[in-house]
Amino acid sequence: MSDAVTVSTRDGVAVIRLDSPPVNGLGFAVRNGLHAALESVLSDDAVRALVVTGGGKMFCGGADIREFGQAPPPGTPHLPTVIDAIEASTKPVVAAIHGFALGGGLELALGCHLRVAATGTRVALPEVTLGIVPGAGGTQRLPRLIGVPAALDVIVTGKMVPAADAQALGILDAVVDGDVVEAAVREARRMIEGEVPIRRTSALDDRVSESRNAPEIFAAFRKKMARRARGFEAPFACVECVEAAANLPFAEGVAKERETFTKLLASDQSKAQRHAFFAERLVSKIADVPKDTPLLPIKTAAVIGCGTMGGGIAMNFANAGIPVKVFEVSQDALDKGVGLITKNYAATVTKGRLSQAQMDTRLGLISTTVSYDDVADADIVIEAVFEDMDLKKEVFAQLDTACKPDAILATNTSTLDVDEIASTTRRPDKVIGTHFFSPANVMKLMENVRGAESSAQTIATIMKLSKRIGKVGVLVGICDGFVGNRMLYAYRRQADFLLEEGALPHQIDKVIYDFGMPMGPYAMGDLAGLDVGWRIRQRQAATRPAHLRYSAVADRVCELGRFGQKTDAGWFRYEPGSRTPIPDPVVNELVLKVSAENGFARREIGDQEILERCMYPLVNEGAKILEEGLAQRASDIDVVWMYGYGFPRYRGGPMFWADLVGIKTIYEAMRRLHDAHGDYWLEPAPLLKRLAEQGKGFGDL
Ligand code: 3H9
């Protein structure tokens, strides 16, 4: 037997245990071990039944994703072969599940004749999130067990199904408190005694026959999922496989699943989504902050400023069960802020995603104050006042005096220098930036900005806190716009130049939307509001370097009083009460006029040029950020873009996408663009040049 799989015997029942931490992944060693264990116990006359279980924290996290695409050592069985052998066993086989049974892990359990799980177990077929379909019979066995509609829901969403729900659906046969292996052995003994029959999932037909030759069921499902799954290949492939389960004999359905799995595994989308999986797990690893850094306990929080941002931040704490005090300068401002929070929660209750009782509990965790003295005991204070350096410094000086010495003081800034803010305190080691994205209660990204003096403990505590309040925290360094907005600026800038040279807003937006972003830059501008940026540009006008190209087209839109959705007009026009952008001849004419005034002979600009002109400078800026050490690794930048800006996960983030396009291609395009337009922002990053010359990508760094 191998170390990865052990066998023991209880009462004539062989207990086969997967023992491959951390998740008992079904890699080469486990598959070989499982296969050998099976052969041994099936041929042992003293063994009358089998229990398959997992050691450590869970039953099984599925196939070993790291081994995807690698050739197995000769003789290693495929996972479906092992599962088929289990199902075909004439001796009863019971799965004893605890923790998680995911992907291939759940497929393994579906091959067993009965499934017993411990309370608290969760099961899922999350393959779709990795850009593949379940590849070890999951798309064929699950519908046979629970019917097509429920199987479609589980497989296409990849969602975690809690034990009780899984039992109600019929995925699990029993959910028990206490020793799950003991319970499974008991069930196995009952099967030996003939009290419970052997049931092979692949032989079931009743549930799938309900949806046989019923293409309308699948058409309706495809229609329902179309918006959420836009651009992704795997969800649609999952539907096809489940449709095959309904219409074809098991063996043919399995062949269809295998073919689909193999094709998708080799696709760029799956590579990108697997990259995203590991990228998300890498962000929390910080080179100079050891894993065992002691954390500051965060039991209470305070938020300074209860505007849209402050209110959203406070909601995150309340949602995570952490009491939070919000501070405002006047009772009036507090009432307004809390009113907005209440309205937000109420909207979620109306949508059925929160109960009234949960809303009341959360609101109960939010208290208010107009005095700094009242935040003295908070373990962390997040300042979320207006983006103005003098104001923030004043707030920090007050906080430093009022708050207990070991409290973390965080600033929610999107542009300002965290070190300058920290300098007003006597605890710069406890000062850090927490850049939330708007709306702060919804968007998952938090750029955690380390100052020169932020301590390892402060950084570790904030990274952990991000997770606790349901965010994805990415550690970044100080620069204008930090990682996300600095890159965004490089892209927005070129979009405006394209308008001057010949494109129109709806054309650019369509290219970016079709690329997979949730919306193009102009619809996004209208959503966020155009006036704030306009005011900032007006303030900067006097100091703007004369040699830098400047497009006034955005200013001219604002001069018409068009500030975006809030005025029913911006780059586009909006019917009252609607958020659908409609191209507006007024803006198109304005764009043409600005072109003429600036001496541009407008030309036809193709979609590919728009894409390259917007996305390559964004990647180029990412390369500069990496080189300057402001992000730890290229994959962290990818996480920023997937969670902060909706960069399509099936492209893996801008840096991963760049590697797929080819760094040499991007570098050469940047050189051409720089030569043609001379813009500082188009100057190729030295890192891009080096990688291009070496024939490498960001993934090689
Ligand atoms: C599949 O099964 C295909 C089959 O249908 C067909 C085959 C033919 N492989 O998340 P954590 C690593 S596809 C390799 O931090 P948690 C992870 O990278 C698979 N590595 O822990 C991390 O490594 P490190 C379908 C894996 O407790 C460490 O384990 N299954 C895998 O927060 C701990 O992970 C899935 O998609 C894996 N499968 O959460 C499930 N899983 O320490 C994917 C984890 O070096 N996994 N690692 O950073 C999960 O969802 C979570 O890891 C889990 C535990 C819930 C299990």
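The values are calculated or read from the model by the stated rules, or taken from the named source; none is laboratory data. Quick caveat, the model's predicted, so the values are computed rather than measured. We place every Cβ from the backbone using ideal geometry, glycine too, and count neighbours over all the protein chains shown. Surface accessibility is based on the protein's heavy atoms, side chains included, excluding ligands, DNA and RNA. Shrake-Rupley method; radii C 1.70, N 1.55, O 1.52, S 1.80 Å.
Some points to look at:
- At 1.567 mPa s and 4 °C, Stokes diffusion of the chain via Kirkwood alpha-carbon radius, µm² per second: 46 µm²/s
- Estimated inter-spin distance, residue 267 and residue 527, nm [label 7 Å along Cα→Cβ]: 2.4 nm
- Pairs spanning more than 26 Å between alpha-carbon atoms, out of 285/696; 224/256; 291/325; 510/624; 510/593; 159/444: 291/325; 510/624.
- Between residue 326 and 303, 367, 368, 369, the built amide H atoms are under 5 Å apart, and every one of these is 5 or more places off in sequence or on another chain.
- Relative contact order of the chain, taken over Cα pairs closer than 8 Å and 6 or more residues apart, is 9 percent.
- Value of relative contact order over region 5-266, rounded to a whole percent, pairs C-alpha under 8 Å and six or more apart: 19 percent
- For residue 42, net neighbour charge (Lys/Arg +1, Asp/Glu -1) across residues whose Cβ lies under 12 Å away: -1
- Among beta bridges from DSSP that stay inside the chain, the antiparallel ones total about 25%.
- Each residue of region 515-530 was assigned a 3J(HN,Hα) from its phi angle through the Karplus expression (A = 6.51, B = -1.76, C = 1.60, θ = phi - 60°), giving 5, x, 5, x, 7, x, x, 7, 5, 5, x, 4, 5, 6, x, 9 Hz with x at Gly and Pro.
- Summarising the label geometry, the points placed 7 Å from Cα in the beta-carbon direction at residue 690 and residue 568 lie 5.5 nm from one another.
- Geometric extent, Cα atoms of region 301-476 - Rg, Dmax (angstrom): 15.2, 47
- FRET efficiency, residue 3 to residue 534 (Cβ-Cβ, R0 45 Å, nearest 0.05): 0.10
- Counted over region 301-476, the DSSP beta bridges are approximately 15% antiparallel.
- Farthest toward positive dipole pole in the chain [+1 Lys/Arg, -1 Asp/Glu at C-beta], among 585, 290, 410: 585
- Solvent-accessible heavy-atom area per residue, rounded to whole Å², over the chain at 1.4 Å: 43 Å²
- Assigned charges on the beta-carbon of Lys, Arg, Asp, Glu; region 102-165 dipole about Cα centre (debye): 100 debye
- Rounded FRET efficiency, nearest 0.05, which uses the C-beta distance separating residue 220 from residue 360 and R0 of 35 Å: 0.40
- Förster radius 41 Å - calculated FRET efficiency between residue 76 and residue 291 (Cβ-Cβ, nearest 0.05): 0.80
- Of the chymotrypsin sites (Phe, Trp or Tyr not before Pro) found in region 571-650, the ones in coil according to DSSP and having at most 16 other Cβ atoms within 10 Å of their Cβ are 600.
- Among 368, 650, 111 the positive-end extreme of the charge dipole of the chain (Cβ point charges): 111
- Label-point separation, residue 550 to residue 598 (7 Å along Cα→Cβ), nm: 1.1 nm
- Solvent-accessible area assigned to carbon and sulfur over region 5-266 amounts to 54 percent, based on a 1.4 Å probe.
- Interchain or long-range residues, amide H under 5 Å from residue 472's placed H: 445, 446
- Counting only Cβ charges, +1 for Lys and Arg and -1 for Asp and Glu, the dipole size of the chain around its Cα centre is about 520 debye.
- Amide N proximity, region 93-128 versus residue 40 label position 7 Å along Cα-to-Cβ, cut-off under 17 Å: none
- Of the GluC sites (Glu not before Pro) found in region 614-701, the ones in coil according to DSSP and having at most 15 other Cβ atoms within 10 Å of their Cβ are 628.
- Heavy-atom surface analysis with a 1.4 Å probe gives region 655-701 a carbon and sulfur content of 47 percent of its accessible area.
- Applying the criteria of a DSSP loop state and at most 11 other Cβ atoms within 10 Å to the GluC sites (Glu not before Pro) of region 131-218 yields 193, 195.
- Acute angle (nearest 10 degrees) that the helix 180-192 long axis makes with the longest principal axis of the chain, alpha-carbon atoms: 40 degrees
- Between residue 182 and residue 510, the contour length at 0.36 nm per residue exceeds the alpha carbon distance by 112.2 nm.
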